[in-house]
Amino acid sequence: MSKATLDRGVQILKEHIDAPTAAYFSSCVNCGMCADACLFYTETGDPAYTPINKLEPMRRLWEQEYTLVGRIKKLIGLSKPVTDEELGEWSDLVYHACSMCGRCSMVCPVGNDISYMIRNIREGISAAGYAPEGLIGATTRAVEIGSPMGITMHALNTQARNIKESSGLEIPFDREGVDYLVLLSSMEVINFPEYLEAIARIFKQAGKSWTISSEAFEATNSGIQIGVSDIARELVSRVVEAAEKLKVKTVVSPECGHAYTAIRWDGPNLMGRRFSFKVKHIIEVLDELREEGLLKVEGIEESCMTFHDPCQLVRKGGVIEQPRNLLKMIATNFVEMEDSGKMNWCCGAGGGVSAIEEAEGIRLKAFNRKKSQLEHLQVDTLVTACSNCRIQLEEGLEVNEMDIPVVGLTEMLADHLVEE
Amino acid sequence: MNHDKPLGQALREQGVSRRGFLKFCATTASLMALPPSMVPAIAKALESARRPSVIWLSFQECTGCTESLTRSHAPTLEGLIFDNISLDYHHTLQAASGDAAEAAREAAMEENKGKYLLVVDGSIPLGNPGYSTIAGISNLEMLKEVAEHAAAIIAVGTCAAYGGLPHAKPNPTGAVSVEEIIKDKPIVNVPGCPPIPVVITGVLAHFLTFGKLPELDHLRRPLAFYGNNIHDRCYRRPFYDKGLFANTFDDEGARKGWCLFKLGCKGPVTYNACATIKWNDGTSFPIEAGHGCLGCSEPNFWDMGGFYNALSESTMDLSRTAAVGIAVGAAAGAASGLLNRRKKSKAEAAHETVTVKDLQREEKS
Amino acid sequence: MNSMDSSLKVEIGSYNSGNIPPLMHEIRHALRNLLDNDETTTIDLRGLPMAPGEQQQLLDILGKGEVSVQLDALGKSEITESSYAGVWLIIHYNNNKEVMGKFIEITRMPAILKTRTADMEESLAALQVKLEEV
Amino acid sequence: MNSAEFLLWVRGPGLNIAMVIFIIGMLIRLLEIFMLGRKQNLAELRGNGISAGLRTIFTRSTPADKNSMRRSMFTFVAGYGFHIGLFVVIFLLMPHIQLIQSLLGFGWPALPTPVVDLFTVIALISLMALLWRRLTHPVVRYLSTPQDYLVWAATFLPLLTGYMSYHHLWFPYSWLLGMHILSVEFLLILFPFTKLTHAFTLFISRWYTGMMAGEKGVAS
C-alpha cells in the first residue's frame, strides 16, 4: 500500500531543509537574474519557470517551520500552508521545466545554489506522490529490473556476443581485481552499442584490465532524478557492492551526466561512508590514459566540430578541460560553442526530463537554445560525452531538420586508435 | 519728547537731519535683516510711526538677555529705538521700585490698553507659584494679567520662548514658556541664550516701523533672523564639505579652523543669525572663536545629547544596548535554533524508507 | 611670542567661505545694470557670512578710488568710491564710533550724499531770512 | 512634539529600540540558519572547499561571465549602482562614521560630502530604476511580493531623507534629520524579518555554494 501523502512529503522536506537552504532562502531578493540563466525561461518566456519560483512551497515551509517569525505567523494563522494542489502544480515546474543543470546556481548574485534545492524539493514532491508518471515508471524498472529502460543482462550478453563476433574483442564480465569496473547506461546499451566496443578497444590498447559486473552494470540512477534518496541509495549500493566484491580500483561512469554525479558525489553521502575505490567519468579515465601516453591515436578529423558540455560534468563535476585535451588529439578544426565550459547551456533533457512524456513539448522548446547556438556556429559535427544529451541533441536536430551528426567522444577516440 | 508725535517729526525736532534720518532708515533695515531696497518703504513707515508703550516682565531668568541688550553698543541707534519706545516697566532698568514701579506698570497698562507691547524674559514656574514672585505677585498671575490687554508679546531668550534652562531635566520648578500659557495673543519668540542684541532690537524696530510682528517660522521665530541654520551660513562650511574636521580642540584641524561637527557643533540644527550678524559689534561668534555651536536658540538645547557629542551620535549609550541585544539575541537564537533541530530530528526519526511502491498516491493508482 | 600664542593662533587667511567670487560677480552685474538701465544696487554686508579676514580681503580687492567723503549725521559715516568707479563703500558709525552698518552701493552718487529738496527749501527760507537781516 | 524633541527621541530611545531589535533579530536569524547544520561531504574531494568558499564570497560580486552579464545588464547596472552607492553613503559619510565610531570606538577617513552626495543620487536613481523594473518586467513582477515593495520603500526612504537633509528640501533641516534617522530605525527594525537579511546571509550562501562547488573542483 502506498504511503504517499502530503504529510509525508512535508515531513521529508523538513528533513532536507538544512543550513545552506535556510541561508539561500534568507538571501533571495527576487531579482530575477536566475530566470535569465534558465533555458526553460529564456525559451518560453514564462515567468513561472524562474528557477527560484520552483522552490516556493519549500521556501514557505522553511519560513513556517524554521524561522521564529514564520512560526508566529503560522500560530496566528497568517501563513499559507503547503497544500496537495500546490505540490501537484509545482511538480510540473520542478520536473518538467528543470533539468537541474545548475546554470542558475552559477549566476545568482547572492550565491544561492538553486539546483541543490531543486534536488531537495523533488524529495518532498515525490514522497507526496506527485512525481511524474514517466519517472515513476523508470524508477520502478530500475529498482525491479535493474535498469530504467528495462534492459536485462540478457540484452547485454547479446551485445557482448555481437562485439566478439564482429571485432573479436572479449567483453570481460565479473573479473576480480581489475583496474576498472565499467558501468553502462541503458541508453548506451540500446542506442549506442558502439560505446562498449570503443571501451574494449581503448582498454586493450592501453593494457588496462577491466570488467563489467553482471550484478550491477547500470550506471544511471533514477532515484537521483526523481529525488528519492532511499531509492538512490539502493541503486548506488548495487554498484558499490559489486565494486567491492570484485575489488576493483576504479569504477568508471559511462558517458552520462547524472550517473557520474550519482556515484561520484552523491554515492558516498547516500551510503553514509567513504568508498574504498575511486569513481571516475570515462572522459577523466581517457584523459589520464592520454597523459600517461597510453592513448595512441592517428588520423585527424578535419570537419569543423564543437563539444557540448554535459551540465553534470562541468558545473557539478569539474570535468571541463579533459574532453578538450582529448579532442585536440584528433581534431584540428575544433571550435568552442558560445558559453562553453562552466556556463554551457543544457540540452534541455537532463535531470529526468527525458523520461517524462508530458514534458516533450517543453523539452523540445528548450532545445531551441542549443539550436540557435549551433546555427550560429555552423559546425559539421557535434561531439558530446553524455548519452542523454546525445539522444536529446539528435532528436532536437532532427525535429529542426538540421543535419549535424552527434558523436560520443569515446567512440570518436576509439575510431582513431592506432591499429596494432 | 511728545509721545503722540509721529517719529519723523519727533526726530527732526531733535535736530536729526534728513540725511541722518536716511542713515537711520538704512541701518534699521539692516537691523531688521531686510534688504536695502526696502529703505524707502521703511522711511515712509517710520515717518508716521508712533512710539508704542512697552512693558518688560522678567521671570525665572538670569538677566543675561537684558545684559545682552544693554551691554551692546549704548548709546546706539538701537538706543534711538528705545528712545522711541516708551519702556514703561522693566524692573531691572527702571529707576522706580516697589509700589511705585507696580503703579507705573498698572498706569501704562490702563493708558495703552490693547496697544502696548509685552516683552518677557525668563520662564514661568508652574510647580509652585511661590518659586518666583514680583511684588508678591506670582509670575503666572502677572503674565496673565499683563498679557490680557497686550497687543502682542515678544518672548525674549530661550527661557521665555521654550522654557530655557529652568525647563531642563528634571525641571524642578515646572518651568514653562510664555506660549504654553498665553494662547490667544500674537507671540514672537526671540530665542537664544542670550539672543543677539540686534535681533531683539530688530524685532522691536519691526513692530515700531510697521506696527505689526514680522513673519515667523514654525517655532514662532522671526524668519529674517532665524531663517537659516548656522551650518549653512557658517564660514567653516566648506571644510565640512571637503571632509576636513577638527578631532580635538587643540589638534591641527582646530588650529586651521576646520569644521567642528565632530566636536559636537549643533550648527546644522540651529537656526539663528550668529554666523552672519555675529556678536560684539560683528566681531565674532562661538564657532569663529573655536567652539561648536551649542544650539542655544533651539528648544531643549541643553538636553540634545551632550554639547560635545556629534549630532549623528546617539544621545544614549548605544554600546550597552548593543551588549544587551547580543546577549538576548544569542540566547533567543540558540533557543530557536534548538527548537528547529528538535523539529528536524523528529522528522528524521519519523522517516520511513520510501520505496517505489510509495511513489503513487492511492487515489491515482 | 610665547609657545601658548603659537599653539592657539588661528591661521587667518586659510579660511575661504567661497563668498567673495559670487559677491564680485554680483557687483559686476550691478555695475552693468547701472550702465544699461541706470538702476542702483545696494548690498548689505551684514547679511553675508564672511570668514575672518574675508571682509578685509574684499575691501582690499575693491581698493580706494578718488572720492572719500565724511558725513556727520547721527555719528560719522564714511563714503568712499572704490577703485572701480560707480562702486561705493558706505560705513555708518554711531556716536561711539561703532560700526552700525556696512554697505556696498553701486550708483553714480550715493543717495545719502544728495541734498534733499526739503532741506534745500528750508535753506532757501533760512537764506532769505539771513539776507533780510543783512 | 517640536523638531528638537523629535530629533532627541530618534537619536536616543528610537535608535536604541531599533538597534536592540535589529541585533536580537539578526542573531536569531543567523543562529537559526547555522544551527540547522549540514551533512558532512563523504565523497572524495577534488578541491579545497574552504578556500573555494572564501573565494566565492568575493567572486560572486562580479558577473559569472560576459554573456550572463549581457543578459541581465539592467539588473547588473542598477544593482551595482545601488549597492555601491549605498555602501559609500553608509560607510564613507563622516556623520555616519562618527556614529559608528561612537559605537565601536574606531573610525576611518570620510569622503568629501559632495562626493557622497553624488553616490546618493546614483543609489536613488538605481533604486527607482529597479522599482520600475519590478513593476514592469514579467519575471520580477511575477516574483514580487508585497514585502519586496515594503523593503524597497524602507531602503529608499533613508537615502531620500538623507539627500533631502543635505539639500534642505521642503522641510526644516531638524525635521529632515529626524525623519532620516527615523527612517533608518524603520529599516533596522524591518531588517531581521525581511529579505533585507540578505545583506548578511548572502555571505553564508556564497560560502556554502562556493564550498560545495569547490569540493567538486568547480569554480562557482
Of (1) closer than 30 Å to B:TYR235 by Cα; (2) more than 14 Å from chain D (Cβ to nearest Cβ); (3) crowded, with 20+ Cβ neighbours inside 10 Å, B:HIS291 satisfies every one except (3)
Quick check on my filter: what residues within the range C:18-42 are under 22 Å from B:ALA273 (Cα atoms), crowded, with 18+ Cβ neighbours inside 10 Å and among the β-branched types (Val, Ile, Thr)? C:THR42
Residue list for the range A:266-315, restricted to those being touching a residue at least 24 places away in the same chain (Cβ under 8 Å), closer than 27 Å to A:ILE231 by Cβ and of a type outside the set (A, V, I, L, M, F, W, C): A:ASP266, A:GLY267, A:SER276, A:LYS278, A:LYS280, A:HIS281, A:GLU284, A:PRO310, A:GLN312, A:ARG315
Given B:TYR235, B:TYR240, which one is of a type outside the set (A, V, I, L, M), modelled with pLDDT under 90 and part of a helix (DSSP H, G or I)? B:TYR240
Any residue in the range D:11-33 that is hydrophobic (A, V, I, L, M, F, W, C) and within 30 Å of B:GLU180 (Cα to Cα)? yes
State which residue pairs qualify: first residue assigned to a loop (DSSP other than H, G, I, E, B) and inside the range C:77-106, second residue among the aromatic types (Phe, Trp, Tyr) in any location, beta carbons under 7 Å apart, and separation of 6 or more residues or different chains. C:SER82/C:TRP88
Residues satisfying the stated conditions in the range D:58-73, i.e. surrounded by fewer than 19 Cβ atoms within 10 Å (Cβ to Cβ) and under 17 Å from D:MET212 (Cα atoms): D:PHE58, D:THR59
Counting only residues that are closer than 13 Å to B:LYS23 by Cα, surrounded by 18 or more Cβ atoms within 10 Å (Cβ to Cβ) and in contact with a Phe, Trp or Tyr (Cβ under 8 Å, 6 or more places away or on another chain), which one in the range C:67-91 is farthest from the other protein chains (Cβ to nearest Cβ)? C:ILE79
Quick one: how many residues across the range B:71-108 are at pLDDT below 75, of a type outside the set (Gly, Ala, Ser) and in a helix (DSSP H, G or I)? 7
Flag if A:TYR130 is closer than 30 Å to D:TRP207 by Cα, aromatic (Phe, Trp, Tyr) and touching a residue at least 60 places away in the same chain (Cβ under 8 Å): no
What's the number of the only condition in (1) under 30 Å from D:SER61 (Cβ atoms); (2) part of a loop (DSSP other than H, G, I, E, B) that A:LYS80 fails to meet? (1)
Can you pull out every residue in the range D:1-11 that is in a helix (DSSP H, G or I) and either in contact with a Lys or Arg (Cβ under 8 Å, 6 or more places away or on another chain) or at the interface with chain B (Cβ under 7 Å from one of its Cβ atoms) (or both)? D:ALA4, D:GLU5, D:LEU7, D:LEU8, D:ARG11
Residue list for the range A:190-219, filter: closer than 12 Å to A:ALA262 by Cβ and touching a Pro at 6+ places or on another chain (Cβ under 6 Å): A:ALA219
In the range B:46-72, the residues that are buried (at least 18 other Cβ atoms within 10 Å of the Cβ) and within 16 Å of B:HIS206 (Cβ to Cβ): B:LEU46, B:ALA49, B:ARG51, B:PRO52, B:VAL54, B:LEU69
Spot the failing condition for B:GLY282; the list is (1) farther than 21 Å from C:VAL99 by Cβ; (2) surrounded by fewer than 21 Cβ atoms within 10 Å (Cβ to Cβ); (3) within 7 Å of another protein chain (Cβ to nearest Cβ), and only one is missed. (1)
Quick one: C:PRO52 ticks every box in (1) surrounded by fewer than 17 Cβ atoms within 10 Å (Cβ to Cβ); (2) at the interface with another protein chain (Cβ under 7 Å from one of its Cβ atoms) except a single one, so which number is it? (1)
So which residues in the range C:65-102 are closer than 20 Å to C:LEU35 by Cα and not small (Gly, Ala, Ser), if there are any at all? C:GLU66, C:VAL67, C:THR80, C:GLU81, C:TYR84, C:VAL87, C:TRP88, C:LEU89
Any pair with Cβ under 7 angstrom, 6 or more apart, that starts in the range A:1-23 at a residue that is assigned to a loop (DSSP other than H, G, I, E, B) and ends at one that is at pLDDT below 95 and of a type in the set (Asp, Glu): A:SER2/B:ASP358; A:SER2/B:GLU362; A:LYS3/B:GLU352; A:LYS3/B:ASP358; A:ALA4/B:ASP358
Within the range D:56-80, restricting attention to residues that are under 18 Å from the mean Cα position of the chain (by Cα) and of a type in the set (A, V, I, L, M, F, W, C), which residue is farthest from the other protein chains (Cβ to nearest Cβ)? D:VAL77
Is it true that some residue in the range A:140-148 is over 30 Å from D:ARG55 (Cβ atoms) and outside the structural domain of A:ALA219 (by TED's automatic domain parsing)? no
In the range B:274-319, residues that are over 22 Å from B:ARG255 (Cβ atoms), in a loop (DSSP other than H, G, I, E, B) and not β-branched (Val, Ile, Thr) total 19
Candidates D:GLY47, D:GLY25, D:GLY14, D:GLY53 - the one that is part of a helix (DSSP H, G or I) and away from chain B (no Cβ under 14 Å): D:GLY53
Determine which single condition B:LYS44 fails, assuming it passes every other condition in (1) touching a strand residue (DSSP E or B) at 6+ places or on another chain (Cβ under 7 Å); (2) at pLDDT 80 or above; (3) of a type in the set (D, E, K, R). (1)
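For every residue, the table says whether it meets (1) within 14 Å of chain A (Cβ to nearest Cβ); (2) in a helix (DSSP H, G or I); (3) of a type in the set (Val, Ile, Thr).
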{"site": "D:GLY107", "(1), (2), (3)": "no, no, no"}
{"site": "D:ILE122", "(1), (2), (3)": "no, yes, yes"}
{"site": "D:MET128", "(1), (2), (3)": "no, yes, no"}
{"site": "D:ARG133", "(1), (2), (3)": "yes, yes, no"}
{"site": "D:THR161", "(1), (2), (3)": "no, yes, yes"}
{"site": "D:TRP170", "(1), (2), (3)": "no, no, no"}
{"site": "D:GLU185", "(1), (2), (3)": "no, yes, no"}
{"site": "D:GLY210", "(1), (2), (3)": "yes, yes, no"}
Kindly indicate whether any position in the range D:33-44 is within 26 Å of B:GLY325 (Cα to Cα) and at the interface with chain B (Cβ under 7 Å from one of its Cβ atoms). yes
Index of the failed condition, A:GLY299 passing every other in (1) over 20 Å from A:GLU419 (Cα atoms); (2) not assigned by TED's automatic domain parsing to the domain that holds A:SER222: (1)
Identify, from the list B:SER336, B:SER312, the residue that is over 14 Å from the mean Cα position of the chain (by Cα), among the polar types (S, T, N, Q), modelled with pLDDT of 85 or more and outside the structural domain of B:SER123 (by TED's automatic domain parsing). B:SER336
By residue number, the members of the range B:294-314 that are within 10 Å of chain D (Cβ to nearest Cβ), crowded, with 18+ Cβ neighbours inside 10 Å and touching a residue at least 12 places away in the same chain (Cβ under 8 Å) are B:GLY295, B:GLU298, B:PRO299, B:ASN300, B:PHE301, B:MET304, B:ASN309, B:ALA310, B:LEU311
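The values are calculated or read from the model by the stated rules, or taken from the named source; none is laboratory data. Computed from a predicted structure; not experimentally measured. Neighbour counts are summed over all protein chains in view; Cβ atoms, including those assigned to glycine, are modelled from backbone coordinates with ideal geometry.
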